[in-house]
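The values are calculated or read from the model by the stated rules, or taken from the named source; none is laboratory data. Keep in mind the model is a prediction, meaning the values are calculated, not measured. Cβ placement follows ideal geometry from the backbone for every residue including glycine, while neighbour counts extend to all protein chains displayed. The protein model used for the area step is the full one, side chains on, heavy atoms only, and it has no ligands, DNA or RNA in it. Shrake-Rupley method; radii C 1.70, N 1.55, O 1.52, S 1.80 Å.
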Amino acid sequence: MELSAKDFTEEEEMESFQRATCTSPRPSRLCRRTLLGLEQDTIILSLSLMMDSYGPGVEITKVSLVEAPSFQIALGWGHALACTTDGKLYSWGYPVNGQLGYVPKDGHAFEIQSISTVNPEKQSAESYDDDLEQELNVLCQWEPQLVPLGDLEAVGVSCGDDHSLVLCRGGILLSFGDNSYGQLGRIKKKTISVKDWRVDLETCVTYIGSGLGHSLAICCDNKKDEDTTLFSWGWNAAFQLGRTTVNDRPLHVEGLEGHHICHVDGGRVHSVAIDGEGGLWTWGSGKNGRLGLGSFGDEQQPCQVESIQDFKVQQAVCGFDHTIILV
């Protein structure tokens, strides 16, 4: 699909954000989500956030993966992924859009229609609350469960709001979950086997990143690892794809030619990348100064953050509307 991107006002961004994250404009009676951290002994630390009209409450628990230590974890709005040192993939949390890669045990076919797939003009405030109440009744996967990958081995994971990306050994990229904005990046809409999860990329993927509703992948020529190409696809409300059109298939992000890109990440409506020299590149929504470019304007293509050129950036992480870097 080819749609024109536009600048969003703060009110429009918040309204779009509420639709995309399946939240009500007013506080709900109960909303349970999962936050994650990784301890030194590779035990996953799980924090369940419960929100009601009296305010938030936090419950901390420890979750151990059974067969092998986990070496990478990723967090979506209501689900989580972890891959282990022996290439296995685990997931848990809310399963409504298929972002877990399976239906939880004793589960059933989901009858809830994701708010993000509904025509915004026809979605009333009351129906937001109704859908949220139904979501609370959905069987949730509270403990990590193995996601069958066949003969593939997971080496990296990334979560969007309600979609999942899994990088497998050999540069193969899988995607599953919500596809309202084309963030899965593949032709096949219905999947029968793991082979149907494969993203439509014909080159070797080396690193992945996700925003709320968009996806990013660094690819390289198998013969020359220094020749990298960044691809993006999915939601493009503020040019977070690095161009002016929305695409449900991976397309090349222009403006980074000649730079070896080694790291990417995405926020709600902005994206960041790090090159081999430690340079930081940002694009998308510039509201609140999240791009670090000294302005609040949106950028359609990657721009290097010149104010930190004296530093070598080692890592960059996007929040919804802010960016943090390690130098």
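See the values below:
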| read-out | value |
| --- | --- |
| Condition broken by residue 178, with the remaining ones in (1) within 19 Å of residue 230 (Cβ to Cβ); (2) in contact with a helix residue (DSSP H, G or I) (Cβ under 7 Å, 6 or more places away or on another chain); (3) not basic (Lys, Arg) satisfied | (1) |
| Residue that is farthest from residue 151 (Cα to Cα) [pool: residues in the stretch 73-101 that are of a type in the set (Val, Ile, Thr) and in contact with a strand residue (DSSP E or B) (Cβ under 8 Å, 6 or more places away or on another chain)] | 73 |
| Residue match in the stretch 279-286 (condition: surrounded by fewer than 17 Cβ atoms within 10 Å (Cβ to Cβ) and either on the phi > 0 side of the Ramachandran plot or modelled with pLDDT under 95 (or both)) | no |
| Residues being of a type outside the set (Lys, Arg), open to solvent by 30 Å² or more (accessible area, probe 1.4 Å) and either assigned to a strand (DSSP E or B) or at pLDDT below 70 (or both) - total across the stretch 42-94 | 22 |
| Filter result for residue 249 (modelled with pLDDT of 95 or more, within 26 Å of residue 177 (Cα to Cα) and not hydrophobic (A, V, I, L, M, F, W, C)) | no |
| One residue from 156, 213, 182, 234 being within 18 Å of residue 73 (Cβ to Cβ) and open to solvent by less than 40 Å² (accessible area, probe 1.4 Å) | 156 |
| Residue in the stretch 136-145 that is touching a helix residue (DSSP H, G or I) at 6+ places or on another chain (Cβ under 9 Å) and either at pLDDT 95 or above or more than 13 Å from residue 98 (Cβ to Cβ) (or both) present | no |
| Condition check for residue 169: at pLDDT 95 or above, within 17 Å of residue 299 (Cα to Cα) and surrounded by fewer than 24 Cβ atoms within 10 Å (Cβ to Cβ) | no |
| Checklist (1) within 30 Å of residue 289 (Cβ to Cβ); (2) in a loop (DSSP other than H, G, I, E, B) applied to residue 192, failing item | (1) |
| Residue in the stretch 287-299 that is surrounded by fewer than 22 Cβ atoms within 10 Å (Cβ to Cβ) and within 25 Å of residue 173 (Cα to Cα) present | no |
| Qualifying residue in the stretch 208-217 (condition: touching a residue at least 24 places away in the same chain (Cβ under 8 Å) and more than 15 Å from the chain's Cα centre (by Cα)) | no |
